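The block underneath contains the structure these notes are about, expressed in structure tokens.
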Amino acid sequence: MTGNAQELWTPACRADPRPLYARMRQEARVVRLVEPIQQMPFWLVSRYADVVPLMRDGRLAKDPRKLGEQGRSRFLRFTHEGLARHMLNADPPDHTRLRALVSQAFTPRRVEALRSRVTTLATGLLEAAIARGSVDFIDAFAFPLPVIVIAELLGLPPEDRHPFRDWTRALLVPPADGDPEPVMAASQSFVRYFTTLLERRRTAPGDDLVSAMLAAEEQGDRLRPDELIGMLFLLLVAGHETTVNLLGSGLLALLEHPEQLERLRAERGLMDSAVQELLRYCSPVEMSTARFTVEPTEVCGQVIPAEEMVLAGLMSANHDPEVFAEPERLDVGRTPNKHVALGFGIHYCLGAPLARLEAAVAFELLLERAPRVRLAVAPERLEWRKSAVIRGLEQLPVTFA
Ligand code: HEM
């Protein structure tokens, strides 16, 4: 590639990675990169036409246990064993079994039933934010809303929520010096927390997902104890670190495109399509999670050695002009809109209906109750998170006056 693909992690590229992805798509179907903090090498596929088949390529594994000793320890160096046994790290038949255990809780119908609770929570948060005049939208709204919703769904006591943010942060953005210690400490905290919670729920079951999963575990071979903890961990982290960025980056995108905001205000029927477009445009999960080669495997015309990681460039695919007309244009009425922001294939986002509901409720309320919401700082001063996997703003200062 001309230029340096490693620039993916520079602040300028974090602020806007689209020019780099445009170059990648033009020059190579797959590039090898080294993640600078953990020094983890991986292959990145950037074109939409390659990303979709990659996400359902059965030759690649999700389960790190399929790797040899060396590959496994390289990949799991920053992952606590006690949290690693979840569906996003599993292939069929384990994946099918694990996903089936919780999929009923996330069907569009079950999620729709949460609309009024989500609206009540979102209204409370937004009113409190408006009363303060100006706030960091991430801290005051975009972060707490999805966290409270997933915590309620799982049945976690409200007083327990406080430390989760620091733990998930430590896990997803390891320290710049590559020291695995804080990651392991945060993982230990999660394992300890879940173990105690499960003990409590075992003696006093409630009407929540944790109790339902415990019942499945007690029925025998359906869910093992480490899988139960892995499941809770995955749902909690997915509920923490993704929707927050759809809400934050989505609001920024609308504020930067006032004509689209006005169009949405005038045509509320466009809300579902606007949420899809914000998913595409913002791509809160910039790259997929890892898939592994178990043996040397040809991917996009390149033979990738065994035990290497291959990632799908979701944001890159979502801005591929071969598929999306004028991809850099935000168009709240875009149809068709076959974005891959929520993945593709058997690992397609389980929480998709919930994420879309939360975003639709949030943007409806913002249109209704905060018609004068605007950025409180110049856009160039906004800071983006350093991760090239989770794409989101550190803060989003706004004023409501
Ligand atoms: C805007 C918000 C969200 C985005 C952009 C998003 C994105 C994604 C993506 C791209 C994947 C596939 C990853 C891959 O194949 O490598 C995925 C999987 C998953 N997501 Fe989400 N997600 C969001 C919200 C949520 C929420 C709220 C939940 C929790 C309830 C959730 C739970 C999951 C789970 C459990 C999987 C794994 C599914 C499987 O392995 O079968 N997600 N998500």
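Take residue 1 and tell me if it is open to solvent by 10 Å² or more (accessible area, probe 1.4 Å), under 18 Å from residue 301 (Cβ atoms), modelled with pLDDT under 95 and not β-branched (Val, Ile, Thr). Don't jump to the end; show me each part of the working.
Numbers: open to solvent by 10 Å² or more (accessible area, probe 1.4 Å): yes; under 18 Å from residue 301 (Cβ atoms): yes; modelled with pLDDT under 95: yes; not β-branched (Val, Ile, Thr): yes.
So residue 1 fits the description; yes.
Of the residues making up the stretch 110-122, at least one is modelled with pLDDT under 95, open to solvent by less than 10 Å² (accessible area, probe 1.4 Å) and within 21 Å of the chain's Cα centre (by Cα). Pairing residues of the stretch 58-74 that are within 10 Å of residue 291 (Cα to Cα) with residues that are modelled with pLDDT under 95 and basic (Lys, Arg), at Cβ distances under 6 Å and at least 6 apart in sequence or on separate chains, gives 64/72.
Within the stretch 239-280, the set of residues being more than 18 Å from residue 393 (Cβ to Cβ) and hydroxyl-bearing (Ser, Thr, Tyr) comprises just one member, 273.
Per-residue answers, yes or no, for (1) more than 9 Å from the ligand (Cβ to nearest atom); (2) at pLDDT 95 or above; (3) closer than 18 Å to residue 122 by Cα; (4) of a type outside the set (Phe, Trp, Tyr):
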{"residue": "344", "(1), (2), (3), (4)": "no, yes, no, no"}
{"residue": "347", "(1), (2), (3), (4)": "no, yes, no, yes"}
{"residue": "364", "(1), (2), (3), (4)": "yes, yes, yes, yes"}
{"residue": "367", "(1), (2), (3), (4)": "yes, yes, yes, yes"}
{"residue": "380", "(1), (2), (3), (4)": "yes, no, no, yes"}
{"residue": "383", "(1), (2), (3), (4)": "yes, yes, no, yes"}
{"residue": "393", "(1), (2), (3), (4)": "yes, yes, no, yes"}
{"residue": "400", "(1), (2), (3), (4)": "yes, yes, yes, no"}
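Could you please find all residues in the stretch 286-296 being farther than 30 Å from residue 243 by Cβ, within 28 Å of the chain's Cα centre (by Cα) and open to solvent by 10 Å² or more (accessible area, probe 1.4 Å)?
If we filter the stretch 286-296 for residues that are farther than 30 Å from residue 243 by Cβ, which is where we start, we get 293-296.
Adding the requirement that they be within 28 Å of the chain's Cα centre (by Cα) leaves 293-294.
Correct list: 294 only.
Residues checked against (1) touching a Phe, Trp or Tyr at 6+ places or on another chain (Cβ under 8 Å); (2) of a type outside the set (S, T, N, Q); (3) within 19 Å of residue 366 (Cβ to Cβ):
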{"residue": "65", "(1), (2), (3)": "no, yes, no"}
{"residue": "70", "(1), (2), (3)": "no, no, no"}
{"residue": "84", "(1), (2), (3)": "no, yes, no"}
{"residue": "101", "(1), (2), (3)": "no, yes, no"}
{"residue": "122", "(1), (2), (3)": "yes, yes, yes"}
{"residue": "134", "(1), (2), (3)": "yes, no, yes"}
{"residue": "144", "(1), (2), (3)": "no, yes, yes"}
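Being away from the ligand (no atom under 12 Å from the Cβ) and either open to solvent by 50 Å² or more (accessible area, probe 1.4 Å) or among the polar types (S, T, N, Q) (or both) is the requirement here; does residue 59 meet it? In short, yes.
Those helices (runs of 4 or more DSSP H) of the stretch 1-78 in which at least 1 residues are closer than 22 Å to residue 183 by Cβ, considering only elements entirely within it, cover 11-15, 69-76.
Beta carbons closer than 9 Å, at least 6 apart along the sequence or on distinct chains, pair a first residue in the stretch 114-135 that is charged (D, E, K, R) with a second that is open to solvent by 60 Å² or more (accessible area, probe 1.4 Å) for 117/152; 127/369. A residue that is within 18 Å of residue 299 (Cα to Cα) and of a type in the set (Asp, Glu) occurs somewhere in the stretch 20-38. When the test is whether a residue is out of contact with any His (no Cβ under 7 Å at 6 or more places or on another chain), buried (at least 20 other Cβ atoms within 10 Å of the Cβ) and more than 21 Å from residue 347 (Cβ to Cβ), residue 25 passes it.
Those strands (runs of 3 or more DSSP E) of the stretch 259-337 in which 1 or more residues are within 16 Å of the ligand (Cβ to nearest atom) occupy 291-293, 297-299, 309-312. The residue pairs whose first member lies in the stretch 204-228 and is more than 19 Å from residue 191 (Cα to Cα) and at pLDDT below 85, whose second member is among the aromatic types (Phe, Trp, Tyr) and not in a helix (DSSP H, G or I), and whose beta carbons are closer than 6 Å, counting only pairs six or more residues apart or on different chains, do not exist in this structure.
The values are calculated or read from the model by the stated rules, or taken from the named source; none is laboratory data. Fair warning: this is a prediction, and the values are worked out from it, not measured in the lab. All Cβ positions, even for glycine, are placed from backbone atoms using ideal geometry, and neighbour counts span all protein chains on display. In case anyone asks, the SASA skips ligands and DNA or RNA and just uses the protein heavy atoms, side chains included. Shrake-Rupley method; radii C 1.70, N 1.55, O 1.52, S 1.80 Å.
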